[in-house]
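Novice: Sharing a structure, written as C-alpha cells. Questions coming.
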Amino acid sequence: MNDNREDIFIRWLNNELTEGELRELDGDAEFEAFKKINAEVETWKLPALESESYERLQAKKDPGHSAKWYQTTYLKIAASLVFVATLAIYLVNLRSTVRIETATGETRVVMLPDSTKITLAPSSFITYNNRKWVQNRQVELEGSAYFDVVSGGNFEVAFEAGTVNVLGTEFEIKSFGNQAMISCYDGEVSVNHGQNTMNLVRGKGLRIDNEDSFEQFQFENLTWQIGYSKFQSSPLAFVFSSIESTFNVTIETEAVDENRKFTGTHSTTDLDEALQVVSQVMNLKFAKDRDHIIFSPN
Amino acid sequence: MNRYHNAQETATPRESDREIREMTEDRTVCNEMYYRQIYDTHGEALRNFMYYRCGDLEKAEDLAHEAFIRLWNNCVKVLVEKAKSYLFTTAHRLFLNQVEHEKVVLQFEKTVTTQLNQQDPEFLMEEKEFKKQLEAAISNLPESQREVFLLHKIDKMSFQEIADIQEVSLSAVHKKMYKAMSKLRDSLEALRDNKI
C-alpha cells in the first residue's frame, strides 16, 4: 500500500496522473498537505550567482593549469631570455671596461692589447674598453701616467682638463682635477684643452692650471723615470696638487707664494723625500701631522 | 631514396597523432569557451546543491568553485557532455570527505510576490509563518532526502539526474522523495498541533 502511495506520489510530481486518478486524490488529507507544501516550495528560489562569480573562479584557478599556460610559460621563457641577454651584455661590457688603479706609493706598468705601454704613477687610475680597443684606442686618466704608444691609428687620452691625441709616441700626463701637465718625451702629441689645440713635440710640455690658464714649457732631461715626478718651472700650487694626489695627503701653506716656480724631480713613492726635495729647492720648511702637511717660509 | 622513405615513415604517425589530439581536444573541457559555458549552465545548480548541504551561500560557492577547479585540472579526461555529472559527483564526494556536518538552516527567496487581492494582513502573516516553518522542516530533513527534495523542487532536476548525482538507483531516489515529503507534512502538522 505504501509502495502504491509512493508510486502515485511520484507520478503526481511528474505530472503523469490521469484525470481520474487526480480526482480520486481530491480530499485526500495527505495529498492536500503535499499540495500545499509543493505550491509553497514552487515559489522559492535561491539568489542567482553573481556575475563576478566566474572571475572569482578564474582567480582561484591554479595558474599552472590555466588555459593560457602556454602563453604564460612562453612569456616567462621570453622574459628570462631577455633578462639573461641583458645581463650578458651588461657583464660583457662590465668585463670589457678595464679599470686599473694604483695605490699610494705603487707604480704599475700596464700593457694594452696593442702593446702600448702605460706606466701608472701612484694614486692614479685609467679605464679603457678592452673589447673595442683595436677600433677605439681611448683611455681615461686620473692622476699621472707615462705613455709609450705603439704607432697606428688614433690614440686618445681623456682627463678632466682636456684630452691628448697621440700623433706618435712617448709622453707623460699628470692630471689632478682641472689641473694637468703634459710632457712629450718623444714624437708628437696634440693636446685639446677647451677650444684650444696645441701640438707638443719632444721636449715640450703644457701645463694647465685651470680652465682658461695654460702655459707651455720646455724641459731638457728627456729620460722619464719610474718612481719620480718631474717638474719644469711649475707653480708651487701645481706641485703641491701633484703631491697631494700622489700620496693622498692635504697640503696647506702659510705665507708662501704658490706662484713661485719649481723645477726639479721628487719621489712618488717616498713622501718625506718628496717633501724634503721641494722644501730645500724652494727654501721652505714643513710640518707634518699624519696626512696633513703645512709649508711655511724657512 | 632510403632516407626519404624513412622520413615518411616517421612523419605519418606523428601527423595522425596530432589529428587525434586535436579531435579530442575539441571535445574536452580544456577549452576556455566551453568551460565558461559549463559554468554558466551548471554553476548555479552546483552552488545550490552545496548550499543544501552546508546552508551557507558563500561557502557553497567556494565548494562549487573547488569542483570546477578539479574539472579544469582534469579537463583532458572529461568530455563536455560528461562535465555536469563530473561536477556534481565531484562536489558530492568533496562534501563526503568533510567530517564535520553542521546543522544547516536553509533560507529561500520568494519568486512570486503575493497577489494584490490577497493582501490581507492575517493571510500574509500566515504565509510568512508557513514559509518559515517549511524552511525549518526542510533543514531538519536527513541530508540525502533534503537534497533529493530540493534538487527536484528548486533546481527542477529529474529524478534520474538526481540518482546519477547521488550514485543510487532511481527507485531509491523515489523513496527518498516520498519520505521527505511525508516528513515535512508530519513536522508541519506537529507544529500546528502544538500551537493548538
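Novice: Mind listing whichever residues of region A:118-155 are at pLDDT 85 or above and of a type in the set (D, E, K, R)?
Specialist: If the condition is that a residue be at pLDDT 85 or above and of a type in the set (D, E, K, R), then A:Glu140, A:Glu142 are the ones that fit.
Novice: With respect to A:Leu236, is the statement that it is assigned by TED's automatic domain parsing to the domain that holds A:Asn283 and closer than 26 Å to A:Ser115 by Cβ true?
Specialist: Working: assigned by TED's automatic domain parsing to the domain that holds A:Asn283: yes; closer than 26 Å to A:Ser115 by Cβ: no.
No: the conditions fail for A:Leu236.
Novice: Oh, and also: Do you know which residues across region B:98-125 are at pLDDT 80 or above and of a type outside the set (A, V, I, L, M, F, W, C)?
Specialist: Matches in region B:98-125: B:Gln107, B:Glu109.
Novice: Follow-up. Residues to consider are B:Glu25, B:Glu32, B:Glu81; find the one that is modelled with pLDDT under 90, at negative phi and facing chain A (nearest Cβ under 9 Å).
Specialist: Values: B:Glu25 fails: facing chain A (nearest Cβ under 9 Å); B:Glu81 fails: facing chain A (nearest Cβ under 9 Å).
Result: B:Glu32 is the single residue among B:Glu25, B:Glu32, B:Glu81 that is modelled with pLDDT under 90, at negative phi and facing chain A (nearest Cβ under 9 Å).
Novice: Ok, one more. Considering region A:15-54 alone, what residues qualify as being in a loop (DSSP other than H, G, I, E, B) and either more than 25 Å from B:Ile162 (Cβ to Cβ) or more than 8 Å from chain B (Cβ to nearest Cβ) (or both)? I'd like the intermediate steps shown before the answer.
Specialist: Taking region A:15-54 as the starting set, the residues that turn out to be in a loop (DSSP other than H, G, I, E, B) are A:15-18, A:26-28, A:43, A:46-52.
Once the filter is applied, which keeps residues that are in a loop (DSSP other than H, G, I, E, B) and either more than 25 Å from B:Ile162 (Cβ to Cβ) or more than 8 Å from chain B (Cβ to nearest Cβ) (or both), region A:15-54 yields A:Asn15, A:Glu16, A:Leu17, A:Thr18, A:Asp26, A:Gly27, A:Asp28, A:Glu50, A:Ser51, A:Glu52.
Novice: Here's another thing I want to ask about it. Considering each of B:Ala163, B:Ala137 in turn, give the residue that is within 13 Å of chain A (Cβ to nearest Cβ) and over 19 Å from B:Glu109 (Cα atoms).
Specialist: Working: B:Ala137 fails: over 19 Å from B:Glu109 (Cα atoms).
Checking each option against the conditions leaves just B:Ala163.
Novice: Out of curiosity, is B:Asp164 surrounded by fewer than 19 Cβ atoms within 10 Å (Cβ to Cβ), among the acidic types (Asp, Glu) and under 20 Å from the mean Cα position of the chain (by Cα)?
Specialist: Values: surrounded by fewer than 19 Cβ atoms within 10 Å (Cβ to Cβ): yes; among the acidic types (Asp, Glu): yes; under 20 Å from the mean Cα position of the chain (by Cα): yes.
So B:Asp164 fits the description; yes.
Novice: Of the residues in region B:166-193, how many are more than 10 Å from every other protein chain (Cβ to nearest Cβ) and of a type in the set (S, T, N, Q)?
Specialist: Count: 3.
Novice: Applying the selection to region A:193-230, what residues are in contact with a Ser or Thr (Cβ under 8 Å, 6 or more places away or on another chain), part of a strand (DSSP E or B) and loosely packed, with under 15 Cβ neighbours inside 10 Å?
Specialist: A:Thr197, A:Asn199
Novice: Return the residue satisfying two criteria in turn: it lies in region A:241-287 and is touching a residue at least 24 places away in the same chain (Cβ under 8 Å) and among the aromatic types (Phe, Trp, Tyr), and of such residues it is nearest to A:Ala121 (Cα to Cα).
Specialist: Across region A:241-287, the extreme among qualifying residues is A:Phe247.
Novice: Anything in region B:155-174 that is in a helix (DSSP H, G or I) and hydroxyl-bearing (Ser, Thr, Tyr)? List them, or say none.
Specialist: B:Ser171 - this is the single residue of region B:155-174 that is in a helix (DSSP H, G or I) and hydroxyl-bearing (Ser, Thr, Tyr).
Novice: To continue, here is another question. One residue is enough: does region A:253-271 have a residue meeting the conditions assigned to a helix (DSSP H, G or I) and more than 18 Å from A:Gln179 (Cα to Cα)? Before the answer, list the steps.
Specialist: Here is the first cut: in region A:253-271, the ones assigned to a helix (DSSP H, G or I) are A:271.
After this cut, where a residue has to be more than 18 Å from A:Gln179 (Cα to Cα) as well, the list is A:271.
The answer is yes; a qualifying residue exists.
Novice: Among the numbered criteria (1) within 38 Å of the chain's Cα centre (by Cα); (2) without any contact (Cβ under 8 Å) to a residue 40 or more places away in the chain; (3) within 22 Å of A:Thr102 (Cβ to Cβ), which single criterion is violated by A:Thr223?
Specialist: Evaluating A:Thr223 over (1) within 38 Å of the chain's Cα centre (by Cα); (2) without any contact (Cβ under 8 Å) to a residue 40 or more places away in the chain; (3) within 22 Å of A:Thr102 (Cβ to Cβ) leaves (1) as the failure.
Novice: While we're here: Taking only region B:128-173 into account, find how many residues are in contact (Cβ under 8 Å) with a residue 12 or more places away in the chain, acidic (Asp, Glu) and within 22 Å of B:Leu191 (Cβ to Cβ).
Specialist: Qualifying residue count for the region: 2.
Novice: Scan region B:164-186 for residues that are of a type in the set (D, E, K, R) and at negative phi and jot them down. Before the answer, list the steps.
Specialist: Step one: of region B:164-186, the residues of a type in the set (D, E, K, R) are B:164, B:167, B:175-176, B:179, B:183, B:185-186.
Once the filter is applied, which keeps residues that are of a type in the set (D, E, K, R) and at negative phi, region B:164-186 yields B:Asp164, B:Lys175, B:Lys176, B:Lys179, B:Lys183, B:Arg185, B:Asp186.
Novice: Given the criteria surrounded by fewer than 19 Cβ atoms within 10 Å (Cβ to Cβ), assigned by TED's automatic domain parsing to the domain that holds A:Phe247 and within 29 Å of A:Gly105 (Cβ to Cβ), does A:Asp186 qualify?
Specialist: Details: surrounded by fewer than 19 Cβ atoms within 10 Å (Cβ to Cβ): yes; assigned by TED's automatic domain parsing to the domain that holds A:Phe247: yes; within 29 Å of A:Gly105 (Cβ to Cβ): yes.
Against the criterion (surrounded by fewer than 19 Cβ atoms within 10 Å (Cβ to Cβ), assigned by TED's automatic domain parsing to the domain that holds A:Phe247 and within 29 Å of A:Gly105 (Cβ to Cβ)), A:Asp186 qualifies.
Novice: Just give me the residues in region B:35-44 being more than 10 Å from chain A (Cβ to nearest Cβ) and surrounded by 15 or more Cβ atoms within 10 Å (Cβ to Cβ), in sequence order.
Specialist: Narrowing region B:35-44 to residues more than 10 Å from chain A (Cβ to nearest Cβ): B:37-38, B:41-42.
Answer for region B:35-44, where residues must be more than 10 Å from chain A (Cβ to nearest Cβ) and surrounded by 15 or more Cβ atoms within 10 Å (Cβ to Cβ): B:Ile38, B:His42.
Novice: Moving on to the next point. Suppose we filter A:Leu57, A:Leu81, A:Leu91 for residues that are farther than 26 Å from A:Phe176 by Cβ, in a helix (DSSP H, G or I) and either modelled with pLDDT under 85 or in the same structural domain as A:Phe171 (by TED's automatic domain parsing) (or both); which single one remains? Show your work before the answer.
Specialist: Details: A:Leu57 fails: either modelled with pLDDT under 85 or in the same structural domain as A:Phe171 (by TED's automatic domain parsing) (or both); A:Leu81 fails: either modelled with pLDDT under 85 or in the same structural domain as A:Phe171 (by TED's automatic domain parsing) (or both).
Going through A:Leu57, A:Leu81, A:Leu91 in turn, the sole match is A:Leu91.
The values are calculated or read from the model by the stated rules, or taken from the named source; none is laboratory data. Keep in mind the model is a prediction, meaning the values are calculated, not measured. Heads up, the Cβs are rebuilt from the backbone with ideal geometry, glycines too, and the neighbour counts pull from every protein chain shown.
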